[in-house]
Amino acid sequence: MTSESKDWIALELAAPGRPLIVREAAGVTLPGVNGLFMALPGHAALLSLLEVGVVEAHLADGKTERFFVNQGYAEVLNDKVVILSQDIASGEEIDPQRAEEAKQRAEERLKQHGNIDVARAEYALRRALARLQAHGAGAAL
């Protein structure tokens, strides 16, 4: 970091049909397709694909705000992280009962033998688990 660097990084999350979410954070943890990574102030420019998972904004007051993302793209540039995804939800917006029911349905489909789309069921399970984690009701992925 240079002496001109900020102590925070801007975070913008965008998805179709919903207002832009904007936060200032000390750091942002992202679910990249090659694993989790963290963007901090002064981070090098980066463009990454995102996996289904949870974005964590580590706020200046020590709290962490979590957001579910259904895949997408992240750009880190000039102390700003921009996330584009088909579906984004803050942890507060997620209904944990509905996410738990989706998890159970996906697990039941995966137990079935015969003509099921395994990849689709696994994807549904990953989405449900990520929603639970973003809400704070699930274990880390």
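Worth a mention:
- Antiparallel bridge percentage (DSSP; both residues within the chain; nearest 5): 85 percent
- For region 65-141, trypsin sites (Lys or Arg not before Pro) are listed when DSSP marks them as loop and at most 12 other Cβ atoms sit within 10 Å of their Cβ; the list is empty.
- Calculated from backbone phi, Karplus (6.51, -1.76, 1.60) coupling profile of region 54-67 in Hz, x at Gly/Pro: 10, 9, 10, 9, 8, 7, 4, 7, x, 7, 10, 10, 10, 9
- DSSP-assigned coil residues among GluC sites (Glu not before Pro) in region 1-96, each with at most 13 further Cβ atoms within 10 Å: GLU4
- Extending 7 Å from Cα along the Cβ direction at ALA137 and again at LEU110 yields two label points whose distance is 1.9 nm.
- All Cα pairs of the chain, percent lying beyond 22 Å: 40 percent
- Our summary gives region 9-91 a relative contact order of 33 percent, counting only alpha carbon pairs under 8 angstrom and 6 or more residues apart.
- Kirkwood hydrodynamic radius (C-alpha pairs) into Stokes-Einstein, region 94-135, 25 °C and 0.890 mPa s, D in µm²/s: 239 µm²/s
- C-alpha center-to-center spacing [region 108-139, region 1-72] in angstrom: 25 Å
- Springs between Cα atoms under 10 Å define the GNM used for the chain, and in it the highest mean-square fluctuation of GLY17, GLY91, GLY32 occurs at GLY17.
- For the chain, size of Cβ-based charge dipole, Lys and Arg +1, Asp and Glu -1, in debye: 400 debye
- Mean-square fluctuations from a GNM of the chain, with a 10 angstrom spring cutoff on Cα atoms, peak among GLY27, GLY72, GLY35 at GLY35.
- For the chain, averaging the sequence separation of C-alpha pairs within contact (under 8 Å, six or more residues apart) and dividing by the residue count gives a relative contact order of 21 percent.
- Since only TYR123, ILE88, GLY72 are under comparison, the one whose Cα sits farthest along the positive direction of the charge dipole of the chain, derived from C-beta charges on Lys, Arg, Asp and Glu, is TYR123.
- The magnitude of the dipole of region 94-135, with charges of +1 and -1 set on the Cβ of Lys/Arg and Asp/Glu and taken from the Cα centre, is near 80 debye.
Here, each number is a calculation from the coordinates, and none is a lab measurement. Here the structure is a predicted model, which means the values were calculated and not measured. Heads up, the Cβs are rebuilt from the backbone with ideal geometry, glycines too, and the neighbour counts pull from every protein chain shown.
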